[in-house]
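Worksheet: the structure to be examined is printed underneath.
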Amino acid sequence: MNAPALVFENLTLGYDRHPVVHHLKGDVAEGALLALVGPNGAGKSTLLKSIAGELRPIEGSIRRCGDVAGRFAYLPQQSAIDAGFPITVADLVAMGLWRDVGLFGGIGRTGRRRLAEALGQVGLEGFERRPIGTLSGGQLQRARFARLLLQDAPLILLDEPYTAVDAQTVGDMAMLVQRWHAEGRTVIAVLHDLEHVRQHYPEALLLARETIARGASREVLSIANLERARHLAAAFDEHAPVCHRHAEAA
Amino acid sequence: MDAWLLDPFLEFGFMRRALAGCLALSLGAAPIGVFLMLRNMSLAGDAIAHAILPGAAIGYMLAGLSLPAMTGGGLVAGLIVALVAGGVARMTQLREDASLSAVYLISLAGGVMIISLSGSGVDLMNVLFGNVLALDDPTLLLLAGIATVTVLALAIGYRALVLECADPAFLRSVSGASPFAHLGFLVLLVLNLVAGFHALGTLMAVGMMILPAASARLWHRDLGPLLATAVAMALTGSSGGLLLSYHFGLPSGPAIVLALGALYIGSLLASPVGGLVRRLRPRWHYTS
């Protein structure tokens with residue numbers, strides 16, 4: 001068993017004091033390829049957002065350990081990017097070099113070579129000068145994956161990376177994910193295609209505000225677990241009483 | 001034709017000063033306008049421009065027509081409104097446009113009230129509409145200083161600002177520069193609105209930002225050329241407006257904004273990126 005890359009300590013996340021992720025505990029090992037699955041509203045994207053530092057926990061904490069402590073690459077859902085912004089594909093992908101070039105550094109010959117390689121790996125050769133507003137959804141997603149390649153991070157967070165893209169693109173991107181896993185990077189992906197998870201992800205965490213099941217994908221994604229997750233995620237009470245479980249946890 | 005274009009500037013010092021003021025405003029305000037437009041904050045810029053009024057009015061009440069007092073007051077008022085509106089939007093159910101509208105309306109009404117109670121109608125006209133033909137040395141230096149600070153700050157923070165506009169979530173994930181880019185941009189916005197207020201007044205200061213930016217956006221899909229064209233359009237429009245104002249005895253502020261507006265309408269008609277005339281011509285396409 002590898003050392004942990006992430007540790008969730010009694011983690012509660014939410015909005016307006018209503019928990020979306022409730023008292024989550026556990027860890028993610030370095031080099032894991034983990035699928036976060038669950039119904040809509042189960043807290044998958046919220047958890048990923050919090051790992052990325054976008055959302056502060058209501059209670060508990062997330063510890064990023066070892067190599068991943070300060071280095072991660074985060075691919076939020078597509079709506080996060082302004083596709084109408086007047087920059088080219090090369091500009092968008094080159095953002096992935098931020099760690100090397102920072103605010104002021106030039107991209108240089110090495111950076112340009114890496115940029116060309118990344119575009120080649122996602123099948124976007126020749127698209128360098130295209131404005132991002134002229135790309136299809138799948139092409140834009142390929143460009144965002146090329147940016148992830150350049151970020152070269154030990155922890156990669158993917159939020160619904162295959163939404164609204166064709167089967168060919170899903171296949172190509174899934175191969176990149178497998179390569180990252182083979183390279184020993186930790187990859188956590190929010191996914192809805194359960195068959196894809198069973199085939200490509202050795203581990204899964206089934207979430208419905210709290211952990212329903214965690215372990216090997218094929219065992220986690222049983223009909224009984226999925227049914228339980230569906231019921232728990234749907235339960236929402238505007239006038240729910242105050243939770244005192246933090247006292248129990250302590 | 002040369003005489004029509006050059007004589008007013010060769011013969012009169014106040015026209016040369018006005019031209020220098022317009023050059024400074026064009027260099028600073030036009031690039032800020034491009035980023036404002038790309039962040040979908042064009043109307044927010046207008047609101048903050050109006051919100052400068054009470055600060056300038058309080059400065060006027062305390063020290064008369066004093067440049068430092070009115071500038072300082074305008075800066076403080078603009079920053080307070082921008083930050084309070086942002087804070088209200090984050091802490092309540094109100095969206096940023098609604099909270100900004102609410103805060104700026106209160107601010108504008110307060111400003112008009114202060115000026116009406118304390119000064120003459122002429123003062124109010126000066127603050128609302130500016131007077132680019134009466135720029136004195138200190139004001140000109142202020143405009144040049146703000147333009148210099150703006151150009152330098154944009155050069156230093158360009159990469160962070162582009163990321164903050166195009167993909168803020170990505171910037172937050174790779175760097176702690178996001179809040180500095182956001183706040184720094186707001187400060188530059190208010191600074192340039194204060195500069196514009198001295199020349200064009202609070203009501204039209206934002207015209208120097210948004211009209212060149214919107215016109216240039218119709219010509220380019222790349223940010224670099226877009227910024228350069230916006231500056232060129234601001235300079236062309238403002239100097240054209242000055243000439244029209246001189247030759248036809250028009251009020252200078254509205255003449256400048258209308259000249260910028262004419263460039264915008266011309267761009268709407270003739271631009272290669274979705275211009276109306278282009279839509280009427282036979283369409284052709286590449287094979288791949």
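Run down A:V165, A:V242, A:V177 and say which single residue is of a type in the set (V, I, T), out of contact with any helix residue (DSSP H, G or I) (no Cβ under 6 Å at 6 or more places or on another chain) and at pLDDT below 90.
Result: A:V242 is the single residue among A:V165, A:V242, A:V177 that is of a type in the set (V, I, T), out of contact with any helix residue (DSSP H, G or I) (no Cβ under 6 Å at 6 or more places or on another chain) and at pLDDT below 90.
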Considering only residues that are free of Cβ contacts under 8 Å to residues at least 12 places away in the same chain, more than 8 Å from every other protein chain (Cβ to nearest Cβ) and of a type in the set (F, W, Y), which ones fall in segment B:154-190?
B:Y158
Quick one: is B:L218 in contact (Cβ under 8 Å) with a residue 60 or more places away in the chain and either within 12 Å of B:V34 (Cα to Cα) or within 14 Å of another protein chain (Cβ to nearest Cβ) (or both)?
no
Tell me which strands (runs of 3 or more DSSP E) are completely within segment A:1-91 and hold 1 or more residues being more than 14 Å from chain B (Cβ to nearest Cβ) and out of contact with any Pro (no Cβ under 6 Å at 6 or more places or on another chain), or say none if there are none.
A:4-15, A:18-29, A:33-37, A:59-64
Does segment B:261-276 contain at least one residue that is of a type in the set (G, A, S), within 14 Å of chain A (Cβ to nearest Cβ) and either closer than 30 Å to B:G78 by Cα or not in a helix (DSSP H, G or I) (or both)?
yes
Enumeration of residues in segment A:218-239 that are of a type in the set (D, E) and modelled with pLDDT under 80:
A:D237, A:E238
Which ones in segment A:109-146 are free of Cβ contacts under 8 Å to residues at least 60 places away in the same chain, assigned to a helix (DSSP H, G or I) and within 14 Å of another protein chain (Cβ to nearest Cβ)?
A:G111, A:I132, A:G133, A:T134, A:A143, A:A146
Unmet requirement for A:A167, which otherwise passes all of (1) more than 14 Å from chain B (Cβ to nearest Cβ); (2) surrounded by 14 or more Cβ atoms within 10 Å (Cβ to Cβ); (3) within 28 Å of A:K44 (Cα to Cα); (4) of a type outside the set (D, E):
(2)
Can you name every residue in segment A:63-113 that is surrounded by 14 or more Cβ atoms within 10 Å (Cβ to Cβ), over 18 Å from the mean Cα position of the chain (by Cα) and among the polar types (S, T, N, Q)?
A:T88
Take the residues of segment B:73-93 that are free of Cβ contacts under 8 Å to residues at least 60 places away in the same chain and in contact with a helix residue (DSSP H, G or I) (Cβ under 6 Å, 6 or more places away or on another chain): which is nearest to B:G59 (Cα to Cα)?
B:G73
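When residues of segment B:191-214 are filtered for being within 14 Å of chain A (Cβ to nearest Cβ) and crowded, with 23+ Cβ neighbours inside 10 Å, how many remain?
Residues in segment B:191-214 being within 14 Å of chain A (Cβ to nearest Cβ) and crowded, with 23+ Cβ neighbours inside 10 Å: 1 in total.
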What about B:F129, is it within 14 Å of chain A (Cβ to nearest Cβ) and among the aromatic types (F, W, Y)?
no
Counting only residues that are closer than 18 Å to B:L6 by Cβ and among the aliphatic types (A, V, I, L, M), which one in segment B:237-254 is surrounded by the most Cβ atoms within 10 Å (Cβ to Cβ)?
B:L242
Which residues, counting only those in segment A:92-108, are in a helix (DSSP H, G or I) and aromatic (F, W, Y)?
A:W98
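The values are calculated or read from the model by the stated rules, or taken from the named source; none is laboratory data. Just so we're clear, the structure is a prediction, and the values are computed from it rather than from any experiment. In this analysis, Cβ positions are derived from the backbone assuming ideal geometry, glycine residues included, and neighbour counts consider all displayed protein chains.
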